[in-house]
1. Here is a check on your reading of the model: is residue 55 modelled with pLDDT under 85, surrounded by 13 or more Cβ atoms within 10 Å (Cβ to Cβ) and not in a loop (DSSP other than H, G, I, E, B)?
2. As an exercise: evaluate residue 39 against (1) buried (at least 19 other Cβ atoms within 10 Å of the Cβ); (2) in a loop (DSSP other than H, G, I, E, B); (3) modelled with pLDDT of 50 or more and give the number of the one condition it does not meet.
3. Across the range 58-77, which residue is nearest to residue 33 (Cα to Cα) among those that are modelled with pLDDT of 90 or more and surrounded by fewer than 17 Cβ atoms within 10 Å (Cβ to Cβ)?
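The values are calculated or read from the model by the stated rules, or taken from the named source; none is laboratory data. What you are looking at is a predicted structure, and each value in this text was computed from that prediction instead of being measured. We place every Cβ from the backbone using ideal geometry, glycine too, and count neighbours over all the protein chains shown.
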Amino acid sequence: MVLSERSEWKGFGLCFPQSESDNAMMVAMYFVYIIRTIDDTLYIGVSGHLGRRIDSHKIGKGAEWTKAHSGARCVYAEPHATRGSARRREAQLKSWT
């Protein structure tokens with residue numbers, strides 16, 4: 001799946017599918033995602049509804065961390081078939097920081 005960034009949407013970037021088949025995959029999968037904020041910090045998370053989750057980060061409701069770091073922009077998203085697989089990958093990515 002190829003994800004692109006649409007930076008014109010509400011002034012922030014968001015990872016979006018580029019085709020209808022990619023859109024169908026987004027509904028049926030879990031995602032590990034990385035957002036970058038206006039102060040250039042990164043946040044790694046997991047969601048079954050990527051667009052909705054990124055939107056909630058943008059308005060400061062996605063996590064306590066994003067309330068303190070505004071300007072969330074999705075810079076990476078990786079699909080996983082199960083929540084467990086996504087959580088394991090999230091833990092791996094977080095261990096690198």
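1. For residue 55, the condition - modelled with pLDDT under 85, surrounded by 13 or more Cβ atoms within 10 Å (Cβ to Cβ) and not in a loop (DSSP other than H, G, I, E, B) - is not met.
2. The single condition residue 39 does not satisfy is (1).
3. Within the range 58-77, the match that is nearest to residue 33 (Cα to Cα) is 76.
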